[in-house]
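The values are calculated or read from the model by the stated rules, or taken from the named source; none is laboratory data. In this text the structure is predicted, and so the values were computed from the model without any measurement. Here the Cβ positions follow ideal geometry from the backbone for every residue, glycine too, while neighbour counts run over all protein chains shown. Areas reflect the complete protein model, heavy atoms only, side chains present, ligands, DNA and RNA absent. Shrake-Rupley method; radii C 1.70, N 1.55, O 1.52, S 1.80 Å.
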Amino acid sequence: MKKLNGQELADYVKGRQAGEARRLRARGVRPKLVIFYDNDSPVILKYVALKKDYGAEIGVDVEIVKFSTEDAEERMLAAAKDPTVHGMIVQLPLKVVDNEILTLIPREKDVDGLNDGFDSATAEAINWLLGGHNIELADKRIAIVGQGKLVGGPLMRMWGDSGYDVTAFRKGDDLNKLRDFDLIVSGTGVPGLIKSEMVQSGAVVVDAGTASEGETLVGDSEEALREREDVTMTLKVGGVGPLTVTVLFEHVLRAAS
């Protein structure tokens, strides 16, 4: 398997972001992100911790808030009105609080790109990843599996607007048709959904799905696909995830500026 390594690109950008955070602080601006969540699933806790650590490394304050149905609106509105808060995100999926709470994030603080503020952080990260590995999109048939808020939906809009040849696959569609595509992006959170026999030789596979099996984080692709030598694919650990965090903080710094 030829590897799409997002961690290397993230590490490259991180130094520049640390410099930008220092310059903002020198002007009296302390970049700040608030992360809301409502459950303690391993996936949620893992990504919240990654973002907190990343913020500490580059000089962005990160506040973690666990909310409930009783106090979610009050806490979200307080952050929305707080001029010292530059970015707000809700770590998805929510299990207790209704997704309608996402509409309380102001567009100028919507650094995850869920309310048409900034571009989707995950979708932009996938663009960075493919561009960083010199993978052209204009000459490819592209399949996007899953049409969620974080990956599939934003990518369909982004790449569709750019005129690329993009097809959406939704729940219940025949995934064996993926064999006809040169680039497959999957973000369903269904472990093992993308089988090796569904992918043609020479294809590029971006696995942006995240789920948990016990304490282990897994993607959408089965292990047999990762063992093939004739595909180009994201790493099991260090693929899209690190770059998504990097793009998220890029948006926070831009909002603070």
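Of V34, V43, which residue is within 20 Å of the chain's Cα centre (by Cα), under 29 Å from V204 (Cβ atoms) and either at pLDDT 95 or above or surrounded by fewer than 19 Cβ atoms within 10 Å (Cβ to Cβ) (or both)? One residue alone meets the criteria, V43. Identify, from the list V97, V166, the residue that is at pLDDT 95 or above, part of a loop (DSSP other than H, G, I, E, B) and crowded, with 16+ Cβ neighbours inside 10 Å. After applying the criteria, what remains is V97. Taking the criterion of being open to solvent by less than 80 Å² (accessible area, probe 1.4 Å) and at pLDDT 95 or above, the residues of the range 134-151 that qualify are I135, L137, K140, I142, A143, I144, V145, G146.
Scanning the range 12-31 for residues that are open to solvent by 30 Å² or more (accessible area, probe 1.4 Å) and touching a residue at least 12 places away in the same chain (Cβ under 8 Å) turns up K14, E20, R22, R25, V29, R30. In summary, A123 fulfils each of the numbered conditions (1) in a helix (DSSP H, G or I); (2) small (G, A, S); (3) loosely packed, with under 15 Cβ neighbours inside 10 Å with the single exception of condition (3).
Considering (1) outside any strand (DSSP E or B); (2) open to solvent by 50 Å² or more (accessible area, probe 1.4 Å); (3) not aromatic (F, W, Y), the lone condition that G131 does not fulfil carries the number (2). Of the residues making up the range 220-240, just one is among the small types (G, A, S) and modelled with pLDDT under 90, namely G238. Restricting attention to the range 100-119, the residues that are part of a loop (DSSP other than H, G, I, E, B) and in contact with an Asp or Glu (Cβ under 7 Å, 6 or more places away or on another chain) add up to 3. Taken over the range 131-159, the criterion of being among the aliphatic types (A, V, I, L, M), more than 14 Å from the chain's Cα centre (by Cα) and under 20 Å from P242 (Cα atoms) is satisfied by I135 alone. Close Cβ contacts (under 9 Å, 6 or more residues apart or on different chains) running from residues in the range 126-149 that are more than 13 Å from S186 (Cα to Cα) and without any contact (Cβ under 8 Å) to a residue 24 or more places away in the chain to residues that are not acidic (D, E) and not in a loop (DSSP other than H, G, I, E, B) comprise E136/L130. Residues in the range 216-238 that are more than 16 Å from the chain's Cα centre (by Cα) and either buried (at least 24 other Cβ atoms within 10 Å of the Cβ) or part of a helix (DSSP H, G or I) (or both): S221, E223, A224, L225, R226. In the range 204-215, the residues that are open to solvent by 20 Å² or more (accessible area, probe 1.4 Å) reach residues that are in a strand (DSSP E or B) and at pLDDT below 95 with C-beta atoms within less than 9 angstrom, at least six apart or across chains, in these pairs: T210/L217; T210/V218; S212/V218. Scanning the range 239-257 for residues that are open to solvent by less than 10 Å² (accessible area, probe 1.4 Å) and not aliphatic (A, V, I, L, M) returns G239, T246, F249, H251. Screening the range 46-60 for residues that are open to solvent by less than 70 Å² (accessible area, probe 1.4 Å) and in a helix (DSSP H, G or I) and picking the one that is modelled with the lowest pLDDT gives Y47.
Per-residue answers, yes or no, for (1) assigned to a loop (DSSP other than H, G, I, E, B); (2) in contact with a strand residue (DSSP E or B) (Cβ under 6 Å, 6 or more places away or on another chain); (3) at positive phi:
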residue	(1), (2), (3)
V190	yes, no, no
G209	yes, yes, no
L243	no, no, no
V247	no, no, no
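One residue alone among S196, S186 is closer than 15 Å to G152 by Cβ, open to solvent by less than 30 Å² (accessible area, probe 1.4 Å) and hydroxyl-bearing (S, T, Y), and that residue is S186.
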